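Novice: Please see the structure below; I have some questions.
The values are calculated or read from the model by the stated rules, or taken from the named source; none is laboratory data. As the structure is a computational prediction, the values presented were derived from the model and not from experiment. Counting neighbours? That spans all protein chains shown, and the Cβs are built from the backbone with ideal geometry, glycine included.
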Amino acid sequence: MGRIDKTPERALTNLRAAVSTEVVPDIGGECMTKHQTLAALCTTILAGCASTPAVTLNYYGVKWNAMATVTQTVGCNADKTRLIAIPAVSVATTYSSDLSKPRQIDIKKLDGLFSDADFAMTLTEDGRLKTINQSSTGQGEAIVKSAVGLLAVAGIPKHLALDTKPLAECDLIEKWGGGKAPVTLLYKANIDEAKLGQPGQPIDAAPESKPLYDLLKAKLPKITMDVGRSSEVASRPVYSSASSNVVLLELQKTGLVDITVQQDSAPIGGARLIIPTSGIYNVPIPKAALFGKQGFTLALSDAGVVTSIGYVKTAGTAGALNALASIAGMETSTAAAKAAELKAQADLIAQQQRLVLCETKPADCK
């Protein structure tokens, strides 16, 4: 008798022939039983199969930082007895990788004995997890922006300083403004985890505005901010059962923080921030199945919020388990976004100066 071909291409043909007889041709020189042959042939088949390499993918947790900015335009009326200050508030949050909190996932555990397994993981440039696409069809990269939602304040907040005789500060404003335009001051304050839950935090004049602020501060309002405590964002996947058929992906919980900016204790604006917290939760990624097709897709915002998550089963059509609307308005760190931010601030200053001019010198209003 001829010997059984050991190559993977002939393995299934040999297997069918083997299971039809009790005693089959030998592989090693002696006759073998059906069960021995099955074991030998399965070993031969597996030796020719592809497998996922033993790779551990590393990624980092997320940390945050925010900056509150108040743009204040100040001007005087023609006889210099009335000083007016009009503020506008903006708060921007930035996110970066927390190098002190590395995380990892072992993709070998997602592999299956008789199944195909594809796994793609997209990271930000600084190592934060952005997307996962454990599927053979591919979903592409989802880019979702986290947000800072500005809190509206009714009307235009103003501060007035009145006197029956000309104010010395108005002479300074006229000098700094070239005799025509009002002047603009910037105030800035950093916001981080250490300031959560603390009211009455000062917002000081920015370095570029400090010289003029020191000259005018006697007639200017005091600007402060209340920083709220973090409240957990509950709209996220929840997985509580234990299963050997999944690999758990570790993600950070996120929270909401309200910022209220005040001028002489009166609210003039604020924001609601989305921040990553120290809390952890797990999202299950299904292992490759013996029959059919399984897949998993995930997209995260810059803050680590799950903006979309989907599971694929058998037919290959993705069913959305949870989709969270991305919140618009997040300040990104790209050059284009920074340019847009500066342009917006320049436009704001121009409109504030026009408004102050109209308030103080109606005849010059255009």
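Novice: Can you tell me how many residues within region 197-250 are among the small types (G, A, S), under 30 Å from T73 (Cβ atoms) and assigned to a strand (DSSP E or B)?
Specialist: Kept after step one, since they are among the small types (G, A, S), are these residues of region 197-250: 197, 200, 205-206, 209, 218, 228, 230-231, 234-235, 240-244.
In the following step, the residues that additionally are under 30 Å from T73 (Cβ atoms) were identified as 200, 205-206, 209, 218, 228.
Subsequent filtering for residues that are assigned to a strand (DSSP E or B) retains 200, 205.
Residues that pass the stated criteria total 2.
Novice: Also: Can you confirm whether K287 is of a type in the set (K, R), crowded, with 18+ Cβ neighbours inside 10 Å and under 30 Å from Y60 (Cβ atoms)? Walk me through it before giving the result.
Specialist: Working: of a type in the set (K, R): yes; crowded, with 18+ Cβ neighbours inside 10 Å: yes; under 30 Å from Y60 (Cβ atoms): yes.
Answer is yes for this residue.
Novice: Moving on. Which pairs do you get when a residue that is assigned to a loop (DSSP other than H, G, I, E, B), found in region 155-170, comes within reach of a residue that is charged (D, E, K, R) and at pLDDT 85 or above, reach meaning Cβ atoms under 7 angstrom, with the pair 6+ apart or on two chains?
Specialist: Note: pairs meeting the criteria are P166/D79; P166/K80; L167/K80; L167/K219.
Novice: Hey, does region 298-317 have a residue that's within 23 Å of A189 (Cβ to Cβ), assigned to a loop (DSSP other than H, G, I, E, B) and either at pLDDT 80 or above or touching a Lys or Arg at 6+ places or on another chain (Cβ under 9 Å) (or both)?
Specialist: So in region 298-317, the residues within 23 Å of A189 (Cβ to Cβ) come out as 302-303.
Okay, now just the ones that are also assigned to a loop (DSSP other than H, G, I, E, B), so 302-303.
Still in the list and also either at pLDDT 80 or above or touching a Lys or Arg at 6+ places or on another chain (Cβ under 9 Å) (or both): 302-303.
Taking every residue of region 298-317 in turn, at least one turns out to be within 23 Å of A189 (Cβ to Cβ), assigned to a loop (DSSP other than H, G, I, E, B) and either at pLDDT 80 or above or touching a Lys or Arg at 6+ places or on another chain (Cβ under 9 Å) (or both).
Novice: Quick one: how many residues across region 176-199 are in contact (Cβ under 8 Å) with a residue 60 or more places away in the chain and among the small types (G, A, S)?
Specialist: Residues meeting the conditions: 3.
Novice: Would you be able to tell me the number of residues in region 178-196 that are at pLDDT 80 or above and either surrounded by fewer than 19 Cβ atoms within 10 Å (Cβ to Cβ) or assigned to a helix (DSSP H, G or I) (or both)?
Specialist: Counting residues in region 178-196 that are at pLDDT 80 or above and either surrounded by fewer than 19 Cβ atoms within 10 Å (Cβ to Cβ) or assigned to a helix (DSSP H, G or I) (or both) gives 9.
Novice: Checking the structure you have, find out if any residue of region 260-270 is more than 20 Å from S90 (Cβ to Cβ) and part of a strand (DSSP E or B).
Specialist: No, every residue in region 260-270 fails to be more than 20 Å from S90 (Cβ to Cβ) and part of a strand (DSSP E or B).
Novice: A further question on this structure: When you go through (1) surrounded by fewer than 19 Cβ atoms within 10 Å (Cβ to Cβ); (2) within 17 Å of the chain's Cα centre (by Cα); (3) at pLDDT 90 or above one by one for V62, which number turns out not to apply?
Specialist: (1)
Novice: Right, another one. What pairs can you find where one residue is in region 217-243 and more than 28 Å from G200 (Cα to Cα), the other is surrounded by 11 or more Cβ atoms within 10 Å (Cβ to Cβ) and β-branched (V, I, T), and their Cβ atoms are less than 8 Å apart, with a gap of 6+ or different chains?
Specialist: Pairs found: R236/T254; R236/V305; R236/V306; P237/V283; P237/V306; P237/I309; Y239/V283.
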